[in-house]
Amino acid sequence: MTIEIHLDEFTAMHDEFIIDWNNAMKTGDTSAIERMQEDYYVTFFNGSHEKPMLFSREEAIKGMRESVKQLLGAQKKFNNRVIRMKNHENAAVFYELLIEKDEKILARLFTIETWQLINGKWMLARETEEPIS
């Protein structure tokens, strides 16, 4: 398979991931978006010159569940998304994430996701997030 075919398949999967995110924001059920590898981690830059915060898979899932419950009814928008295939089994996704509720922007984050194909399933390997002022 060519990289273009893999890109098309990955893009379709990521489109479904976005739909799953917005369903989670409506229902509070995060099971469809818990697609992290065992050694997954997220790095969160808080916008200052302090060192970033690192969260393990378990910490990230716990935080995700809590934030989805607190933000029920909000919507996530994945703006300016760019997908690049590193090779047939690795992809990077860059986007501006907006969290909106009642027509107000609650958060704007620059996000980079790194995905890996494991046993025929795309899994998040790591994420980097930084607030946009």
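Quick notes on this one:
- Euclidean distance between Cα centres, the stretch 1-46 to the stretch 83-112, Å: 10
- Net charge over other residues, Cβ less than 13 angstrom from the Cβ of residue 131 (K, R count +1; D, E count -1): -3
- Within the accessible surface of the chain, defined with a 1.4 Å probe on protein heavy atoms only, the carbon and sulfur portion equals 51 percent.
- Note: relative contact order over the chain, using C-alpha pairs below 8 Å and six or more positions apart, is 25 percent.
- Take the Cβ atoms of residue 54 and residue 119, set R0 to 30 Å, and the FRET efficiency comes out at 0.70.
- Two-decimal Rg/Rh across the stretch 45-133, once Rg and the Kirkwood Rh are taken from alpha-carbon atoms: 0.99
- Full extension of the chain between residue 4 and residue 79 yields a length gain of 24.8 nm, computed as 0.36 nm times the residue separation minus the alpha carbon distance.
- Cα gyration tensor shape for the stretch 1-85, rounded if a/c is under 1.5, else prolate or oblate: oblate
- Net charge of neighbours whose Cβ lies under 10 Å from the Cβ of residue 72, counting Lys and Arg as +1 and Asp and Glu as -1: +3
- Exposed-site-free run, longest, the chain (rule: GluC sites (Glu not before Pro); DSSP loop; at most 11 other C-beta within 10 Å): 51-102
- With R₀ fixed at 41 Å, the C-beta to C-beta distance from residue 37 to residue 100 puts the FRET efficiency at about 0.90.
- Number of Lys pairs (Cα under 14 Å; 8 or more positions apart or on different chains) in the chain: 9
- A 1.4 Å probe run over the protein chains yields, for the chain, 61 Å² of accessible area per residue, whole-number rounding.
The values are calculated or read from the model by the stated rules, or taken from the named source; none is laboratory data. If you're wondering where the values come from, they're calculated on a predicted model, not measured in any experiment. Using ideal geometry, Cβ is built from the backbone for each residue, glycine included, and neighbour counts are taken over all protein chains shown. Ligands, DNA and RNA are stripped out before the accessible areas are found, and what is left, the full protein with its side chains, is counted by its heavy atoms. Shrake-Rupley method; radii C 1.70, N 1.55, O 1.52, S 1.80 Å.
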